[in-house]
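J.: Structure below; questions to follow.
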Amino acid sequence: MSTKNSKRYLPEGKHVMMGNIAMSEGALAAGLNFFGGYPITPSTEVIEHLAKRLPEIGGSCIQMEDELGSINAVVGASLAGAKAMTATSGPGLSLMVETISMAANLEIPFVLCDVQRVGPGSHGPVTSPHHNDLGLIRFAGHGEFQVIALAPMNCQELFDLTITAFNFAEIYRCPVFIISDAYLGHLHEPIYIPPKEELIRRVINRELPQDYTYKYSYKDEITGKYIIPKPPIVGTDYYPPISLHLPHNNTGFPITNALTFMEMLIEKIKSNIDKISITEEYKLEDADIIIIAYGLPVRASYRAVDLAREKGIKVGVYRLITVWPFPDEKLKRVVKNAKAIIIPELNYTGFIAEQVERVKKLETPIFKIPKVGVFHHPDDILNVIKEVSK
Amino acid sequence: MSGLGPQYPTEKPDHPYVQFSNSGYLFGKYNSLFCAGCGYGIIGHLFTRVFEDEKLDPKLFPLIIGIGCYTQLVTLVHHASQKIFTLHGRSPAIATGMKMANPKLKPIIFTGDGDCLGIGGNHFIHICRRNLDCAMLIFNNSIYGMTGGQGAPTTLYGAKSTTTPYKAFENRSDAIKLALAAGASYIARTTVAHPRTLMKYFKKALNHKGTSVIEVITPCLTYFGSKNLDSLGAENLNIHGSKMDTGGKMIDWIKRNTVRKNQALFMDDAELFNRYIIGEFRYDPEKPEYSEEYAKIQKITNGED
């Protein structure tokens, strides 16, 4: 379980690599010890790469019998103290939701990379992007809980945000998703890998606390803050005598009136939204028209904004890096004075548009630019900007 | 007439193992949540007994429990054991992850017939195929007890349950044959009516390196016994069955319905129909174990360090 092995880190400098592999390397830099997976296009490169890399550093990568098996193996490994993750695509994620829900309720940390693709699954354009799992990720399973979902837009971010994702999983003890897609996963780009020391400094390690008596997450009544202790580890003294699997109070005793437990599960994320929510603003200071985007469409949006600014249209991009939990308060401030909102999304439903609908002023119009299976071209967005600014 | 006949103490002495069970440790007495006549009490006690007698290190033998009536064994199993509750049927997959993350552990898996052969059939086949080091106890009461007596993949031909109200006519699945085909390296079947054999097999499984599958035939009086006659499994004898309404009758039925492996060699399929063959079916300590094989790969790829 050590991070001392030198093979864990790639040498410092520029590397050209595929998105899926950049994500895998980011996971290794974040201290990944266990990967349980099942091949599914377009996420297959992750398991292929980690099957090669993990044994080198004393970790293990196992191809399970199905997605149900792989997510459960990940949960088992996480309980045994390993930093664990899996990668899948839409149909695999559907199979995994049962266990994601259990893990969220048991507060078992893990990271899941969802390389999204078009379609129901059997055949067809499975190597085309489609951000169709956003709703599933948001409510991944039965029961009530909150998840964290991060949306990178290039290979560098796939590397960096994977480290952030592992850190979030360790701190908040909840499932953390990386929202990738078929194009992003297969994109080859140069990335800069920082020196080993820098990476080690960034990572929050899984370790035992000083005090071995097991404590459960709870709300501190005096400060009103949610205290999330370190996750339990099977095979050490730091494991609860009463199991975690039932709704419990802060002493771990099972309770029937589980309101406080549910409150803890949800508010531990929501009350820390300032730390979790990562966003980026691009030429937003004087913008009348605001583009709200995440993932790949951000790249086209930036270009479209540059082109529109040349024509003197005041437009900017508000980029969501953390998509879930949705930053309601932040966004309220941003869209307060907007004349129009444009939302390019790689799906028809508009999962983010639905959320923006909640927080925007009633009279502000929303223009959705849905695309499925193909990129947004900057011109697609530019045309809408021109339309709107007339 | 004092002084004649055996003298019993007025207060029942404590069972020597009561303090080691979870409820005995917390409250000073056994607290079983099972119906009268259930076999899980015996299993819980035997587990605690082996755990204590063998002085197992609870940190090395995590107990992974599936979903079924036996999930309530938590009150009877050894208080020190680290218990992990899993989803329905997924315990072998959780054990795989746990073992690979920390190869020092040897997971003990509690699973049932519906859990292991129904919903978790795939995980069961593949843990056996990998020969991953773990001790797996499958409790077979040929019914879904926890949800109220529905038919299971192991329900005997002609038996009644709430979802087979007339009779069960599906072929029943056989955990032992499945494990043999899938490649587990220690495979045995016994019943709760043979507790010492069960302890012997369990101890052997704990000392074995590889997947150990022990199927334990256990009675469900409330849902199986109350609906079925004890002529089940004795179809060829053409006897008139009577109701199994006490735990003793069910244990008798289990005993009568089991055939030792050596005896079974001389019996034809018609005679073995609807009956359980008990004994050890495979013991292969030489078979390569998954986590050890993986460690070899780690060693090769690690190169100089």
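The values are calculated or read from the model by the stated rules, or taken from the named source; none is laboratory data. Everything numeric in this text was worked out from a predicted model, so none of it was measured. For neighbour counting, all protein chains shown are included, and Cβ atoms are generated from backbone atoms with ideal geometry for every residue, glycine included.
J.: Quick check: anything in segment A:97-109 at pLDDT 95 or above, within 15 Å of the chain's Cα centre (by Cα), β-branched (Val, Ile, Thr) and farther than 18 Å from B:His126 by Cβ?
T.: Within segment A:97-109, none of the residues are at pLDDT 95 or above, within 15 Å of the chain's Cα centre (by Cα), β-branched (Val, Ile, Thr) and farther than 18 Å from B:His126 by Cβ.
J.: Ok, one more. For segment B:75-99, which residues satisfy the criterion of being not hydrophobic (A, V, I, L, M, F, W, C) and not in a helix (DSSP H, G or I)? Walk me through it before giving the result.
T.: Start the filter on segment B:75-99 by keeping residues that are not hydrophobic (A, V, I, L, M, F, W, C), which leaves B:75, B:78-79, B:81-83, B:86, B:88-92, B:96-97, B:99.
Result: B:His78, B:His79, B:Ser81, B:Gln82, B:Lys83, B:Thr86, B:His88, B:Gly89, B:Arg90.
J.: Can you find a residue in segment B:134-143 that is more than 14 Å from the chain's Cα centre (by Cα), outside any strand (DSSP E or B) and modelled with pLDDT under 95?
T.: Among the residues of segment B:134-143, not one is more than 14 Å from the chain's Cα centre (by Cα), outside any strand (DSSP E or B) and modelled with pLDDT under 95, which makes the answer no.
One line per residue, one yes/no per condition, for (1) more than 9 Å from chain A (Cβ to nearest Cβ); (2) at pLDDT below 90:
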position: B:Thr75; (1), (2): yes, yes
position: B:His88; (1), (2): no, no
position: B:Ser91; (1), (2): no, no
position: B:Met100; (1), (2): no, no
position: B:Lys106; (1), (2): yes, no
position: B:Asp113; (1), (2): yes, no
position: B:Ile119; (1), (2): yes, no
position: B:Asn122; (1), (2): no, no
position: B:His126; (1), (2): no, no
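J.: Out of all the residues in segment A:16-51, which are crowded, with 24+ Cβ neighbours inside 10 Å, part of a loop (DSSP other than H, G, I, E, B) and out of contact with any Ser or Thr (no Cβ under 7 Å at 6 or more places or on another chain)?
T.: Of everything in segment A:16-51, those that are crowded, with 24+ Cβ neighbours inside 10 Å, part of a loop (DSSP other than H, G, I, E, B) and out of contact with any Ser or Thr (no Cβ under 7 Å at 6 or more places or on another chain) turn out to be A:Leu32, A:Asn33.
J.: To continue, here is another question. Give the residue, chosen from A:Glu207, A:Glu197, that is away from chain B (no Cβ under 14 Å) and closer than 30 Å to A:Met18 by Cα.
T.: On the way: A:Glu207 fails: closer than 30 Å to A:Met18 by Cα.
Criteria check complete, one pass: A:Glu197.
J.: Also, quick follow-up: Here is a list of conditions, (1) out of contact with any Phe, Trp or Tyr (no Cβ under 9 Å at 6 or more places or on another chain); (2) free of Cβ contacts under 8 Å to residues at least 60 places away in the same chain, and A:Phe351 meets all of them except one; can you say which number that is?
T.: Tallying (1) out of contact with any Phe, Trp or Tyr (no Cβ under 9 Å at 6 or more places or on another chain); (2) free of Cβ contacts under 8 Å to residues at least 60 places away in the same chain, A:Phe351 fails exactly one: (2).
J.: Quick one: is B:Ile239 loosely packed, with under 12 Cβ neighbours inside 10 Å, within 14 Å of chain A (Cβ to nearest Cβ) and outside any strand (DSSP E or B)? Talk me through it step by step, then tell me what you get.
T.: Working: loosely packed, with under 12 Cβ neighbours inside 10 Å: yes; within 14 Å of chain A (Cβ to nearest Cβ): no; outside any strand (DSSP E or B): yes.
No: the conditions fail for B:Ile239.
J.: List the number of the failed condition for B:Gly66; all other conditions in (1) within 7 Å of another protein chain (Cβ to nearest Cβ); (2) surrounded by 24 or more Cβ atoms within 10 Å (Cβ to Cβ) hold.
T.: Among (1) within 7 Å of another protein chain (Cβ to nearest Cβ); (2) surrounded by 24 or more Cβ atoms within 10 Å (Cβ to Cβ), B:Gly66 violates only (1).
J.: Counting just the residues of segment B:151-183 that are over 17 Å from the mean Cα position of the chain (by Cα) and either acidic (Asp, Glu) or not in a loop (DSSP other than H, G, I, E, B) (or both), which one comes out surrounded by the most Cβ atoms within 10 Å (Cβ to Cβ)?
T.: B:Ala182
J.: To continue, here is another question. Out of B:Ser291, B:Ser226, B:Ser231, which single residue is over 19 Å from B:Ser173 (Cα atoms), of a type in the set (Gly, Ala, Ser) and touching a Pro at 6+ places or on another chain (Cβ under 8 Å)? Write out each step before concluding.
T.: Details: B:Ser226 fails: touching a Pro at 6+ places or on another chain (Cβ under 8 Å); B:Ser231 fails: touching a Pro at 6+ places or on another chain (Cβ under 8 Å).
That would be B:Ser291, the only listed residue that is over 19 Å from B:Ser173 (Cα atoms), of a type in the set (Gly, Ala, Ser) and touching a Pro at 6+ places or on another chain (Cβ under 8 Å).
J.: For A:Met18, which of the numbered conditions (1) in contact with a strand residue (DSSP E or B) (Cβ under 7 Å, 6 or more places away or on another chain); (2) more than 10 Å from chain B (Cβ to nearest Cβ); (3) within 23 Å of A:Ala169 (Cα to Cα); (4) not charged (D, E, K, R) fails to hold?
T.: With respect to (1) in contact with a strand residue (DSSP E or B) (Cβ under 7 Å, 6 or more places away or on another chain); (2) more than 10 Å from chain B (Cβ to nearest Cβ); (3) within 23 Å of A:Ala169 (Cα to Cα); (4) not charged (D, E, K, R), A:Met18 is out only on (3).
J.: Additional query: Within segment A:223-262, track down each residue that is within 14 Å of chain B (Cβ to nearest Cβ), farther than 17 Å from A:Ala103 by Cβ and buried (at least 16 other Cβ atoms within 10 Å of the Cβ).
T.: Taking segment A:223-262 and keeping what is within 14 Å of chain B (Cβ to nearest Cβ), we get A:231-248, A:251-254.
From what's left, farther than 17 Å from A:Ala103 by Cβ: A:235-238, A:241-242, A:251-254.
Answer for segment A:223-262, where residues must be within 14 Å of chain B (Cβ to nearest Cβ), farther than 17 Å from A:Ala103 by Cβ and buried (at least 16 other Cβ atoms within 10 Å of the Cβ): A:Gly235, A:Tyr238, A:Ile242, A:Gly252.
J.: Considering only segment B:41-63, state which residues are within 14 Å of chain A (Cβ to nearest Cβ) and of a type in the set (Asp, Glu).
T.: We begin by selecting, within segment B:41-63, every residue within 14 Å of chain A (Cβ to nearest Cβ); these are B:56-63.
Across segment B:41-63, the qualifying residue is only B:Asp57.
J.: Having 2 or more residues that are within 14 Å of another protein chain (Cβ to nearest Cβ) and not charged (D, E, K, R) is the bar; report the helices (runs of 4 or more DSSP H) wholly within segment A:52-164 that clear it.
T.: A:67-79, A:90-106
J.: Does any residue in segment A:177-195 that is in a loop (DSSP other than H, G, I, E, B) come within less than 6 Å, Cβ to Cβ, of a residue that is of a type in the set (Gly, Ala, Ser) six or more places away or on a different chain, and which pairs are these?
T.: So the pair list comes out as A:Leu187/A:Gly19.
J.: Right, another one. On the basis of being loosely packed, with under 14 Cβ neighbours inside 10 Å and within 12 Å of chain A (Cβ to nearest Cβ), does B:Lys12 make the cut?
T.: Working: loosely packed, with under 14 Cβ neighbours inside 10 Å: yes; within 12 Å of chain A (Cβ to nearest Cβ): no.
Answer is no for this residue.
J.: Which of the residues spanning segment A:252-287 are of a type in the set (S, T, N, Q) and free of Cβ contacts under 8 Å to residues at least 60 places away in the same chain? Reasoning before the result, please.
T.: Going through segment A:252-287, the residues of a type in the set (S, T, N, Q) turn out to be A:256-257, A:260, A:271-272, A:277, A:279.
A:Thr256, A:Asn257, A:Thr260, A:Ser271, A:Ser277, A:Thr279, listed by residue number.
Conditions tested, residue by residue: (1) within 21 Å of the chain's Cα centre (by Cα); (2) of a type in the set (S, T, N, Q); (3) closer than 20 Å to A:Thr164 by Cβ.
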| position | (1), (2), (3) |
| --- | --- |
| A:Asp288 | no, no, no |
| A:Ile292 | yes, no, no |
| A:Val298 | yes, no, yes |
| A:Val317 | yes, no, no |
| A:Lys339 | no, no, no |
